[in-house]
Amino acid sequence: MTASSAQQAPHAAAVRWWLIVVAALIAIMVLVGGATRLTESGLSIVEWKPVTGTLPPLNEAQWAQAFEGYKAIPQYRELNAGMSLSEFKTIFWWEWSHRLLGRVIGAVYLLPFLYFLWRGALGAELKRRLWLIFALGALQGAVGWWMVASGLTQRTEVSQYRLATHLMLALIIFASIIWTLRRMTARPQPVVPLLLKASGVALLALTFVQLYFGALVAGLRAGRMYNTWPEIDGAFIPSAARLWFEEPWWRNLFDNTLTVQFEHRMTAYALLILAVLHAIDAVRSRAGAAVTGGAWSLVAAITLQAALGILTLLHQVPIDLALAHQAMAIVVLTLAVLQTERLVAGRVEHRQKLVLPLGQAG
């Protein structure tokens, strides 16, 4: 053991627990963000004050000032005109809690990180990963305000593009921490076929695509429309005229509520089918208990996630089902990251060709 590794060893467990806490806080942050969206609270604070904004209004004059700021934006004038101060306080507390939790996560990440750097508890590769995660976290704060700003002048809600960007960046940070935690755990490397490894990577990529479509559904409130299943707009596959009426055609993928909900549904089906095929391949390949168990766990989680999605749709997005659906999405992402890292870390199985002696018939 080198002097550097001997210095890092006593802190290994502390570093892992620190990252677990940060990942848990990010998961909670995503759920609070979902509740903020569902309660239409995200535009209740119309200023970005990274330091002084930590404190909420402390007296009636400050509450009145915050309410007057909200009254100046289109959402109040067009959707909430006549709202009482008490009603405003309800949506204010959701958005304030969301922003406060973001600040808490920043502190919980940065302060132990600086301590571990000072103590020499981090290896070179781990330091690079953690600095990158820190940079993404700093960017996330700016992206959050960029998202909110889109709803303060011309719109009554934030841009679904910016909402999706904000959510995806949070999930990328979360996935990066889970991946890093997995890399820190010493374990035997399984031998896996190349095809199995490729399907694991494809599962993770498709999970991110599905999460992005889910964010668009939330941003457009598309879940409150077409509340039937398995049919949507009267058919399993809606008419092309309804799916592709906007110009240019690609805008339908992001702006057309029918198309956005339809692509979210179809991607869910594709994700479940791919997960089942991946699990069957893991069994046939005899890739080991960890890989096979991880594959079937992913199938179970995606199945439950799909069921929650259907129930949320049929009941027109009640907040409890919607948050359960979102929480299960985080579970699916976690399992997909763990499975992919497990496979990527494994050794590829190279099938040897049978070489026959010269002159001997095959």
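Quote the Stokes-Einstein diffusion coefficient, in whole µm² s⁻¹, for the stretch 191-240, based on the Kirkwood radius over alpha carbon pairs, a temperature of 37 °C and a viscosity of 0.692 mPa s.
This corresponds to a translational diffusion coefficient of 244 µm²/s.
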>> Can you compute the FRET efficiency between Tyr269 and Thr185 using 1/(1 + (r/R0)^6), with r the Cβ-Cβ distance and R0 = 35 Å? Round to the nearest 0.05.
In response: 0.55
>> Under the √(5λ) rule applied to the eigenvalues of the Cα gyration tensor, what semi-axes describe the equivalent ellipsoid of the stretch 170-269? Give them in Å, descending.
In response: 35, 16, 12
> Given a 1.4 Å probe and the protein chains all in place, what does the accessible area of Leu58 round to, in Å² to the nearest 10?
Replying inline: 120 Å²
> Can you pull the percent of the chain's accessible area that's carbon plus sulfur, 1.4 Å probe, other chains left in place?
Replying inline: 68 percent
> Of Ser150, Ser84, Ser297, which is the most mobile in a GNM of the chain whose springs link Cα atoms less than 10 angstrom apart?
Replying inline: Ser84
> Under a point spin-label approximation (7 Å from Cα along Cα-to-Cβ), what is the Ile20-Ala307 distance to one decimal in nm?
Replying inline: 2.8 nm
> Taking the chain as a Gaussian network, Cα atoms linked when under 10 Å apart, which of Arg182, Arg342, Arg128 shows the biggest mean-square fluctuation?
Replying inline: Arg128
> Under Stokes-Einstein, with the Kirkwood radius over Cα pairs standing in for Rh, what whole-number D in µm²/s applies to the stretch 54-147 at 4 °C and 1.567 mPa s?
Replying inline: 80 µm²/s
> Stretched out fully, how many nm does the piece from Asn227 to Arg119 gain, at 0.36 nm a residue minus the Cα gap?
Replying inline: 33.3 nm
> Between His11 and Phe236, what is the spin-label point distance in nm, taking each point 7 Å from the Cα along the Cα→C-beta axis?
Replying inline: 5.7 nm
> Computed on alpha carbon atoms, what radius of gyration and Dmax characterise the chain, expressed in Å?
Replying inline: 24.0, 97
> Given springs between every Cα pair under 10 Å in a Gaussian network model of the chain, which of Ala306, Ala289, Ala279 has the largest fluctuation?
Replying inline: Ala289
>> How large are Rg and Dmax for the stretch 109-242 when calculated on the C-alpha trace, in angstrom?
In response: 20.4, 63
> What FRET efficiency would be calculated for the residue pair Trp145, Trp93, taking the C-beta separation as r and a Förster radius of 25 Å, to the nearest 0.05?
Replying inline: 0.85
> Scanning the chain for helices, which whole DSSP H stretches are 18 Å or more long along the axis (Cα) and average 0.5 or more by Kyte-Doolittle?
Replying inline: 12-38, 85-118, 124-149, 160-184, 194-220, 257-285, 289-314, 319-345
> For the pair Leu85 and Trp63, how long in nm is the line joining their label points, each one 7 Å along Cα→Cβ?
Replying inline: 0.6 nm
>> Run the Debye formula on the Cα coordinates of the stretch 1-105, all scatterers equal and no solvent, and tell me log10 I(q)/I(0) at q = 0.11, 0.16, 0.19 1/Å.
In response: -0.47, -0.75, -0.96
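The values are calculated or read from the model by the stated rules, or taken from the named source; none is laboratory data. In this text the structure is predicted, and so the values were computed from the model without any measurement. Counting neighbours? That spans all protein chains shown, and the Cβs are built from the backbone with ideal geometry, glycine included. For the accessible areas, the whole protein counts, side chains as well, though only heavy atoms, and no ligand, DNA or RNA atoms are used. Shrake-Rupley method; radii C 1.70, N 1.55, O 1.52, S 1.80 Å.
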